[in-house]
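The values are calculated or read from the model by the stated rules, or taken from the named source; none is laboratory data. These figures come from a predicted structure and were not determined experimentally. All Cβ positions, even for glycine, are placed from backbone atoms using ideal geometry, and neighbour counts span all protein chains on display. Quick note on the areas: whole protein, heavy atoms, side chains included, nothing else; ligands and nucleic acids left out. Shrake-Rupley method; radii C 1.70, N 1.55, O 1.52, S 1.80 Å.
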Amino acid sequence: MEDRVELLKCLEEKIYSGRATIDRLKLVGKIDGVEKLIRKFQQEIRFLEKVQSTGNVKKEHLQSTNLIHLNAIGARLFRANEPTNVMKPFKYQKSRLEVDIVCDGGASWVKVIARNAKALTLISMGNGEYGQKSVLDQANCYLQCAKCYPHLYRPPDVVFHFAYGIEVPLAAHLERVGVVVEGDRIDCDDRSTSVQETDGKFSTGIVQDPVEEPLDECKDDSDLETLNTSSLAKEINILNLDVSTLLAYVTNMTNGYDHFVYREPLLTQQAEMERKLPVKPILEELFGGKELIVCQTAYENFMNIIDVIGGPKESARAKELLSRVRMVVDLPTGRIMERLSLGGKIKDRSRLVFATGENMKSITVSANEGFVRAARMQGIECTVFLHEPRSLSEIKEGYATKLSSS
């Protein structure tokens, strides 16, 4: 009877802890995936409340509840730097891999592991259940997958956070292959269960499964050890200017002529946006100290638009801007050209501009938010700086109504 009372008390504590974490998660700023995490908490709490209402609680209910893992994710999220996503899925081979927390603005992937340290070592030695993946198997998957989703042209750091610690030899091996290890380091004196290392590899007396091949489109000769570096945040000094950015920079609208109501509703809307948040100061600050490039296709499209509907002032600004820009040839290769299917917001010109920017290891500056969103839906994250769109307006001023100055 005393055991049952104690189990019910522990159950109540877990439910309370889960609710408290939900309350904290609701206060977190807008992070993609937080609502999904909250739903998982609520689902688990409902199950435990059902057990609580019957009074038929068992030790297994407390040991196997997913709240243990969910609370560990919450705790790590609360101290994450610049978190952008929670429980974010990435395509990997023929399935998907879920990253618990994407943080550091996208530069780090965190997997939270809330298991007993001794059990993790045993499983890594091949002593787990049939088909059960060890943290070494998981490390390989995460490192290979990260290589396919670069952040600023480098694979994200793969961080394994061990909420209940990790034994020293296993931690050392994970670090050797490129994983950043977080959590208490636990000495393992019991030689029968500690992982031995020979020539940098685990020696267990058990034949390990062969290492999984990376995705076909991501194969190269890199070793796992070179996939991750601590100095990932390297500033990119090359800006690849999209047609939309060239137009936004030279239009009359962003150069002191935003006080019109045009016949075209879109132009009027853009003028209202410009009065609230001028675009050119944002671009000027971004361009400072950077090398500006434009690909041949973007240049030709921009000049065609200037020639057809550009006014005298806009044409002069275009000439001045292009004198500061280095022309580069189109580079129609790489993952953007090969993996993005045309259709909808994915136009051939935009695909070529973004592909050239990626091949030049630059940041593409664009107002084409639709392309970036559509690319993300196809599993491609673009290295991009987005700004609001602005169209050429000088010629249209002749048919517009000038706003009286207040």
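Suppose a student asked you for the relative contact order of the range 16-127, using Cα pairs under 8 Å spaced at least 6 residues apart; what percent would you report?
22
So if R0 is 30 Å, what FRET efficiency would Gln378 and Glu82 give, r being the distance between their Cβ atoms, rounded to the nearest 0.05?
So the FRET efficiency works out to roughly 0.75.
State in Å² the accessible area per residue of the range 286-375; use a 1.4 Å probe, count heavy atoms of protein chains only, and round to the nearest integer.
Counting only protein heavy atoms, the per-residue value for the range 286-375 is 47 Å².
Relative contact order for the range 307-373 using alpha-carbon pairs under 8 Å, separation at least 6, rounded to a whole percent?
28
Can you compute the modelled spin-label distance between Cys188 and Gln93, with each label point 7 Å from Cα toward Cβ, in nm?
For the pair Cys188/Gln93, the computed spacing is 2.4 nm.
Enter the Cα centre distance for the pair the range 29-53 and the range 157-182, rounded to the nearest angstrom.
The two parts, judged by their Cα centres, are 28 Å apart.
Pairs to check: Lys290/Lys319; Lys14/Lys94; Lys280/Lys402; Lys50/Lys118. Give those whose C-alpha atoms are more than 28 Å from each other in this structure.
Distance filter (> 28 Å) returns Lys14/Lys94; Lys50/Lys118.
Report, ordered by chain and residue number, the lysines lying within cross-link reach of Lys91, taken as a straight Cα distance under 22 Å and ignoring same-chain residues fewer than 8 apart.
The qualifying lysines are Lys36, Lys40, Lys111, Lys133, Lys147, Lys219, Lys345.
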